[in-house]
Each structure stands twice: as structure tokens, then as C-alpha cells.
Amino acid sequence: MSDRSTMPTRIVAGTAHPGLAAAVAAVLGLRPAPCDVERFPDGELRPVVHGVQGGDVYVVQPTGPAVDDHLVELLLLVDACRRAGAGAVTAVVPYFGYARQDRRGRAGQAVGARVALGALASAGADRLVVVEPHTVALEAMSPVPVEMLTAVPLLADGLAELTPDEAVLVAPDLGAVKPAEHYARLLGRPVAVVRKTRLSGESVHAEELVGDVAGRPAVIVDDMISTGGTIEAAVRVLLAHGAAPDIAVAAAHGPLVEAAWDRLGRLPIRCLLVTDTLPAGGARAVPLRVRSVGPLIADAVARLHHGRSLEALLMRG
Ligand code: R5P
């Protein structure tokens, strides 16, 4: 990795989560570079960036709801930085929308993750920094390097405070097993796994459980909560297998759609722990705790800028 430390660092904040961009900049002792995102009356976006010439730029923009608007804005911001004479341009996408479309679930679908990654590379991004993407396959699909930061240590710290030592960690589907094992190593707790089948965007089916949860509190760990369908199905399986009605949920990302709060509010969930990769919104029918990934991202930016290894910050394979 080359030492770029003689170049100034610039943080550019898109409109998806300016608070997080400001937090990253503050840890680095910076202020976000001025940036306006104008719109034509018909809705077309037109961002304008200032003060990025000759600097290495980190554009901070999670592509959560409204996913398509935020993705297009990110593409335009990257292009604007490139054309304004920035040095290296890194897209910092704490929540990477479209990561769930990493393969065709059925004939006739697109591979949305590859399309989004290709578009970012063509817009001029030299590198991507993401946090706990739904799939590590992003790296293989991306034309430019992708740094996948882990939020598990941050969330595990929160779980150590919020949940009892005897709680079982629960992966709500097979895709969540590896991160659940990472939590288990950090917290020294056992893991159980729910077998889930997705029926549609909003509904999933789950019945089987591998592991022993009888009489014990449980902590469901997942990469994201959207409709809450996966969590609801996992809670029902846990209760059916005798888990105590004292369940916590931890997820890196909370793109919670409005209906998710109703769904989660009807379940015996003591708290929901997420990070701030996306702005917190919604009716909050369940106690919500948020841990900031600002310092993690700032650390990654500083390491990239000074050519130091990111190894300690990355997801485990
Ligand atoms: C799916 O495989 C993901 O890891 C999450 O479990 C899922 O996207 C959560 O979505 P929802 O809350 O809509 O079930």
C-alpha cells in the first residue's frame, strides 16, 4: 500500500447520512468538504462538491432507503470528485444496498450487487469501504478493491453490557452462522442456528433449530433487519423450543421499514442493538440501542491514508 499521507484527506458527505460523515470527519479532526445536492424540478439529482482538488477523498454515503436515490447520488458524487481533480476517491458505503442480490434467486433476475459495484467503479471510485456487507462475495464481484469492516466487536461489546452471560447466540439463518461464531468467540457463549426459507421479500418460514436454548435467554444476531420477518420467524422457533421469553437482537444494519416496528413490538424482545450505518428512524416499539461506527470508519480512513494495514478492522473469512 503506498503512503499517501502527504495528500490532504477530504470527507464528502452525501445526503443519506450526513451525521455519520460528520462523526467520521470529527474523529479525524476534519470537517466535511462543502457539498450541495441540487435537484431539477423533475427530481433529477445534481450534486456539486467544493474543495476536493488535490486531496484524497472519502465519500460517505450508505445506500439505504431510499436505496436508488442514494446510490445514484453516490455515483454522481464520485464522478464530481473525480472531475474536480481529487486524488484517490474512496466510496465509503457503510450499508451497501443491493448486496442481497449477489446471485440470481430465480431465472430472470439480475445480479444487483454486481451492477451496483460495476457502476461505482465506472463512476471513478478507486476503492470501496463497506461495513458488514450481506455477502463477502462483494469483493469477488467488484472491479475495484473492497475493504469489508466488521462491526461485530462493537456490537459484542454492547451485548456484553445488555444481555446476561448465559444467553445463547442465535444465527437466524445459515448465512448468519459465521458472524454468530465471531460473536461466540468474543463473548464465550454457545451458538444455535435456525433454518430459514425465504418465501418472498416480506415473509420467511422457519421451523428447525440446531442447538439447545431450553430455559435460556437468547440473542439473535444478523447482518440487517428490514421487514423484521427473519427475526419474527426466529423468535417463534426459539419460543417453540423452550427459550426464555427474554430475547435480544443485534444487527449491524437497521434499514427497518415502518411495518417492522409493529412486527417486532408484538414479540418478547427486550432490546434491539444496531449500529448507525443508517440513520435511526421509525416508531421504535422496542427499546433501541445504537453504537456508532464513526470511530471504526475513521480508523479505516486513517489507516488507508497512511498506508497501514486494515487487518485488525476486517471481517473474518
Ligand atoms: C438475509 O439473508 C439477511 O441476512 C437478513 O436476515 C434479512 O435480509 C433480513 O430481512 P428481513 O428483516 O426483511 O427479514
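Quick notes on this structure:
- Only residues that are touching a Lys or Arg at 6+ places or on another chain (Cβ under 8 Å), part of a loop (DSSP other than H, G, I, E, B), within 14 Å of the ligand (Cβ to nearest atom) and charged (D, E, K, R) were counted across the stretch 201-248, and they come to 0.
- Only one entry in Leu174, Leu159, Leu169, Leu264 is more than 26 Å from Gln109 (Cβ to Cβ), within 11 Å of the ligand (Cβ to nearest atom), within 21 Å of the chain's Cα centre (by Cα) and aliphatic (A, V, I, L, M), namely Leu264.
- Among (1) within 16 Å of the ligand (Cβ to nearest atom); (2) touching a Phe, Trp or Tyr at 6+ places or on another chain (Cβ under 6 Å); (3) in contact (Cβ under 8 Å) with a residue 60 or more places away in the chain; (4) of a type outside the set (Gly, Ala, Ser), the one test that Thr90 misses: (1)
- Every pair of residues 6+ apart whose Cβ atoms lie under 7 Å, when the first sits in the stretch 201-213 and is on the phi < 0 side of the Ramachandran plot while the second is away from the ligand (no atom under 16 Å from the Cβ): Leu209/His241; Val213/Val168; Val213/His241; Val213/Gly242; Val213/Ala243
- Checking Asp276 against (1) among the charged types (D, E, K, R); (2) within 15 Å of the ligand (Cβ to nearest atom); (3) modelled with pLDDT of 95 or more, the condition it does not meet: (2)
- Per-region count, the stretch 45-78, residues out of contact with any strand residue (DSSP E or B) (no Cβ under 8 Å at 6 or more places or on another chain), surrounded by fewer than 17 Cβ atoms within 10 Å (Cβ to Cβ) and outside any loop (DSSP other than H, G, I, E, B): 1
- Meets criteria (outside the structural domain of His134 (by TED's automatic domain parsing), of a type in the set (Lys, Arg), more than 15 Å from the ligand (Cβ to nearest atom) and part of a loop (DSSP other than H, G, I, E, B)) for Arg185: no
The values are calculated or read from the model by the stated rules, or taken from the named source; none is laboratory data. Fair warning: this is a prediction, and the values are worked out from it, not measured in the lab. For neighbour counting, all protein chains shown are included, and Cβ atoms are generated from backbone atoms with ideal geometry for every residue, glycine included.
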